[in-house]
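Structure, as structure tokens:
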Amino acid sequence: MVFKYLVVFDEIGVKIFGPIHGALFVCYLVLAVLLWRRRPWSTRTGTLAVLAGVPPFGTVVFERWATRTGRLGDPVAA
């Protein structure tokens, strides 16, 4: 949006950065679900991890909370 409205004032930024943003969002969702399966997370925690990808900086808030509460501690052996 910054590129669209402040830099070039057309849709080229959306055409370039939109698919990149979408791919990164899908990668985050896949990784959140994989981590949910590898950790002893409750349904509530896993759902929060997935939903944290929607609002801006929601992943930062989730990561800080999960670290503080011990949900992102030592890795579980595979």
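The values are calculated or read from the model by the stated rules, or taken from the named source; none is laboratory data. Because the structure is a prediction, the values reported are computed rather than measured. Every residue, glycine as well, gets a Cβ built from its backbone with ideal geometry; the counts of neighbours run over all protein chains shown.
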For TYR28, indicate whether it is within 27 Å of GLY70 (Cβ to Cβ) and aromatic (Phe, Trp, Tyr).
-> yes
Under the condition of being of a type in the set (Val, Ile, Thr) and either more than 14 Å from the chain's Cα centre (by Cα) or over 23 Å from VAL26 (Cβ atoms) (or both), which residue from region 46-78 is modelled with the lowest pLDDT?
-> VAL76
Is there any pair with a first residue in region 53-64 that is free of Cβ contacts under 8 Å to residues at least 40 places away in the same chain and a second that is among the aromatic types (Phe, Trp, Tyr) and in a helix (DSSP H, G or I) whose Cβ atoms are under 7 Å apart and which are 6 or more apart or on different chains, and what are they?
-> GLY53/PHE25; GLY53/TYR28; THR59/TYR28
When you look at VAL7, is it loosely packed, with under 14 Cβ neighbours inside 10 Å, at pLDDT 90 or above and of a type outside the set (Ser, Thr, Tyr), yes or no?
-> no
